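Presented below is the structure to which this report refers.
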Amino acid sequence: MRAVCGILPPYILEKLAEAADHPAAREAARETLAVAADFRQNRIDTPSLAAPVPPTEFVLTRTIYDTNHSMALPGDEVRAEGGAPTLDGTVNRAYESLGLTFTFFQNVYGRHSIDDANLPLDATVHYRRRFNNALWDSSQMIFGDGDGRVFNDFTLSHDIIAHELSHGITQYTAGFVYQDESGALNESVSDVFGSLVKQYARQQTAGQADWLIGAGLFTPAVRGQALRSMKAPGSAFDDPQLGGKDSQPDHMSGYVHTALDNGGVHDNSGIPNRAFYLTATAIGGFAWEKAGRIWYDTMTAGQLSENCTFQEFADATANTAKQLYNSGSELAAVEDAWRAVGVM
């Protein structure tokens with residue numbers, strides 16, 4: 001089962017939809033929730049995708065479309081591969097981040113685009129008015145401009161764009177069902193590679209990185225530094241208009257049992273996120289080189305079930321670490337990290 005995956009947890013939008021003291025933010029949140037519901041209805045029964053055979057050459061093909069604040073997807077083509085920058089910063093940011101993500105997976109893991117077969121990267125910007133989300137709809141990226149009151153433009157951060165594209169990679173590899181623990185792993189894997197793309201762009205080591213997802217997305221009207229913190233889940237924001245304090249747990253003892261958000265996929269992703277952060281910082285150096293390699297090889301080995309649990313994924317990453325690095329410090333880092341979050 002394929003899902004429409006957005007960077008924002010639905011409960012944040014639901015809380016904003018009740019914000020009577022900010023009518024514009026309330027209306028924007030309600031419209032965004034309605035659009036997300038429509039996407040889910042249209043896409044929920046589409047079949048999962050098999051990974052094609054990788055080609056020998058790497059071919060990057062980007063196309064940016066603009067709906068001009070309408071609902072007409074994909075919109076008008078405004079910048080194609082190799083085209084000159086436009087006067088629209090949103091268009092240019094989307095174009096550059098798509099290229100950065102493609103280059104990261106090419107140079108670091110030898111992957112040919114999302115499907116490992118040079119799938120063209122399509123993105124639509126200026127979707128509707130005050131749309132508060134960035135989405136992967138199982139075939140392309142969709143970016144909102146934000147409402148300007150709570151959220152800025154959703155193309156402002158490399159990790160948001162890489163996060164959404166990584167949902168596509170999960171779609172073509174492990175195919176995690178977007179529900180409960182497998183859904184939380186789906187979200188976490190996107191946070192992992194979203195953060196790694198940002199670190200790669202900045203050439204930061206694991207110790208230098210901020211490990212924040214969506215830093216800069218909130219306007220100054222919000223008490224928060226980002227949507228999520230992989231280093232310290234539960235600390236990214238604390239603002240009543242967002243529903244209060246960041247509710248991500250960092251340990252299985254705090255696992256959120258709920259029927260909302262497909263079983264709390266955005267909240268519970270904090271547990272495997274913390275495990276990756278601990279693994280990467282224990283190994284040291286550039287996180288994409290060893291910790292990222294372990295996670296990537298685990299995702300692409302074809303050994304994970306679609307309903308993968310945290311325990312299954314933890315065991316698989318430990319097995320991958322052993323295969324790659326024998327019984328060295330890398331394996332110890334993986335096992336220690338999963339034990340620290342209460343999985344192993």
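A Stokes-Einstein calculation at 37 °C with viscosity 0.692 mPa s, built on the Kirkwood radius of the range 71-129 over Cα pairs, returns a diffusion coefficient of 259 µm²/s. Ordering 307, 236, 133 by Cα displacement along the dipole of the chain toward the positive end leaves 236 in first place; charges were set at the Cβ atoms of Lys, Arg (+1) and Asp, Glu (-1). Computed from the alpha carbon positions, the gyration tensor of the range 207-299 leads to an equivalent ellipsoid with semi-axes of 24, 18, 10 Å, biggest first.
Amide H to amide H, with H built 1.01 Å from N, residue 5 comes under 5 Å of 136, 138, counting only residues 5 or more places away or on other chains. Remark: the range 268-275, residue by residue, has Karplus-estimated 3J(HN,Hα) of 6, 5, x, 5, x, 4, 4, 4 Hz, where x stands for each Gly or Pro and the curve is 6.51 cos²θ - 1.76 cosθ + 1.60 at θ = phi - 60°.
Estimated at the nearest 10 Å², the accessible area of residue 32 is 0 Å² with a 1.4 Å probe. In the full protein context, the range 124-264 carries 30 Å² of accessible surface per residue, based on a 1.4 Å probe and ignoring ligands, DNA and RNA. Among 62, 202, the sequence by solvent-accessible area, most first, with a 1.4 Å probe is 202, 62. For the range 117-196, the spherically averaged projection of the C-alpha convex hull amounts to 5.7 nm². Taking only the Cα atoms of the range 175-230, the ratio Rg/Rh comes out at 1.05, with Rh defined as the Kirkwood radius. Summarising the strand pairing of the chain, around 70 percent of its internal DSSP beta bridges are antiparallel. Enumerate the amide H contacts of residue 239 below 5 Å, restricted to partners 5 or more residues apart or on another chain; note that Pro and chain-start residues carry no placed amide H. Excluding prolines and chain starts, which carry no amide H, the hits are 244, 245, 246. Using Cβ point charges alone (K and R +1, D and E -1), the dipole size of the chain about the Cα centre works out to roughly 440 debye.
For residue 65, the residues whose amide H sits under 5 Å from its own are 78, 123, 124, 125, ignoring neighbours fewer than 5 places away on the same chain, with H placed 1.01 Å from N. The charge dipole of the range 194-271, taken about the Cα centre with unit charges on the Cβ atoms of Lys, Arg (+1) and Asp, Glu (-1), comes to about 260 debye, rounded to the nearest 20. Note on residue 182: accessible area approximately 10 square angstrom, rounded to 10, probe 1.4 Å, nucleic acids and ligands left out. Extent of the chain along its three principal axes (Cα atoms, max minus min coordinate, largest first): 55, 47, 40 Å. Once you've got the Cα coordinates, tell me which of 198/290; 15/198; 198/322; 198/245 are over 20 Å apart. Beyond 20 Å: 15/198; 198/322; 198/245.
Residue-wise HN-Hα couplings along the range 296-301, as the Karplus relation 6.51 cos²θ - 1.76 cosθ + 1.60 with θ = phi - 60° gives them from phi, are 5, 5, 5, 5, 9, 7 Hz; Gly and Pro carry x. Heavy-atom accessible area, probed at 1.4 angstrom with all protein chains present, ranks 165, 87, 60 as 87, 60, 165, highest first. For the chain, the 222 nm mean residue ellipticity estimated from helices alone, with every DSSP H stretch of n ≥ 4 adding -39500 (n - 2.57) and the total spread over all residues, rounds to -14000 deg cm²/dmol.
Only protein atoms count toward the accessible area here, which uses a 1.4 Å probe; on the chain, the carbon and sulfur part of that area reaches 49 percent. Among 142-151, 115-124, sorting by the average number of other beta carbon atoms lying within 10 angstrom of each residue, highest first, gives 142-151, 115-124. The range 69-146 and the range 253-288 have Cα centres separated by 26 Å.
A 1.4 Å probe run over the protein chains yields, for the range 270-344, 40 Å² of accessible area per residue, whole-number rounding.
Straight-line reach from residue 231: taking Cα to Cα under 12 Å and skipping same-chain neighbours fewer than 8 places apart, the aspartates and glutamates in range are 191, 210, 250.
The values are calculated or read from the model by the stated rules, or taken from the named source; none is laboratory data. Note that the structure is predicted; figures quoted are calculated from it, not measured. FYI the Cβ positions are ideal-geometry reconstructions off the backbone, even for glycines, and counts take in every protein chain you see. Protein only, heavy atoms only, side chains kept; ligands, DNA and RNA dropped before computing areas. Shrake-Rupley method; radii C 1.70, N 1.55, O 1.52, S 1.80 Å.
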